[in-house]
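*Asks:* Before anything else, here's the structure in question.
The values are calculated or read from the model by the stated rules, or taken from the named source; none is laboratory data. This one's a predicted model, so the numbers in the text were calculated from it and none came from an experiment. Backbone-built Cβ (ideal geometry, glycine too); neighbour counts: all protein chains shown.
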Amino acid sequence: MSTGHSDFETDTGRQQSDLTAWGTGATVWTNVRRELAVNLKSRDQDAAELYETAIQRLVSPLTRASLMVISHCVRELIKVLPVILGYPVVERADASRSARELHRHWVAASLQLDAEQAIEAAAVSVPSEVFVAARDAAIAGADGSKNSRELTAIIVTGFASEVDTASVARVHKSIEFFRGLAHARDYTQPAKPVPKVDRVIRELEIIEEALMNRMTNMADRAKTVRELLANANRKRDEAGQ
């Protein structure tokens, strides 16, 4: 199967033949996806390849390995979108630095790191340095979550200030869906169940429509986005999710 973007633009006959060879995955390359792939390629080759790789793994039956590849590609694509769309970069909180600082103070206070050690008291006294370091780590975690939502707002609307709107919240839920499945098998925990391919497609379509809304005429696509969100919510309610 050909994987180059040129198939989308110049060779319709071969493109159709390639898609047919997918069998149950033949419908994954919709016209909207071809258009989105071309738009991404015009801005950033890495972003286009990440998106194309995700779509190529979107086949039925969906395996856990394929889902992990899709999720990693979506996660990395989201990271680069603000830059390629020309929006200001949101400064990321360095939670790892705060965690290292907490560890340093924790060890200096001769506190145990054994997670199996039982803690019977409702409250535990710790040196003020440990408390401050723990608070800073918590703040870094909160800032990281806020930055993540602002990143979604920039992608969806172009403005970080729109972080609390319903449309941003729904797209962010879809992004978090894939982030949570990027390590569906991390070998330290029980393997996560593989969602049905229809659910994966539904969440991906939410993200795709948001991207098309930003990269094409927003006025022409606003109605489509609203309809897609409404349809996704309806399917979720029907499925009891």
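*Asks:* Exactly one of (1) touching a Phe, Trp or Tyr at 6+ places or on another chain (Cβ under 9 Å); (2) surrounded by 13 or more Cβ atoms within 10 Å (Cβ to Cβ); (3) modelled with pLDDT under 75 is unmet by TRP29. Its number?
*Replies:* Single failed check for TRP29: (3).
*Asks:* A follow-up question, please. Is it the case that some residue within the range 32-39 is surrounded by fewer than 19 Cβ atoms within 10 Å (Cβ to Cβ), at pLDDT below 90 and within 21 Å of ARG199 (Cβ to Cβ)?
*Replies:* Taking every residue of the range 32-39 in turn, at least one turns out to be surrounded by fewer than 19 Cβ atoms within 10 Å (Cβ to Cβ), at pLDDT below 90 and within 21 Å of ARG199 (Cβ to Cβ).
*Asks:* List pairs: first residue in the range 44-61 and more than 17 Å from PRO82 (Cα to Cα), second residue among the polar types (S, T, N, Q) and assigned to a helix (DSSP H, G or I) anywhere in the structure, Cβ distance under 9 angstrom, at least six positions apart or on different chains.
*Replies:* Filtered contacts from the range 44-61: ALA54/SER71; ARG57/SER66; LEU58/SER66; VAL59/THR24; VAL59/SER66; SER60/THR24; PRO61/THR24.
*Asks:* To continue, here is another question. Could you look through the range 113-166, keep only residues that are surrounded by 10 or more Cβ atoms within 10 Å (Cβ to Cβ) and part of a loop (DSSP other than H, G, I, E, B), and pick out the one that is modelled with the lowest pLDDT?
*Replies:* VAL126
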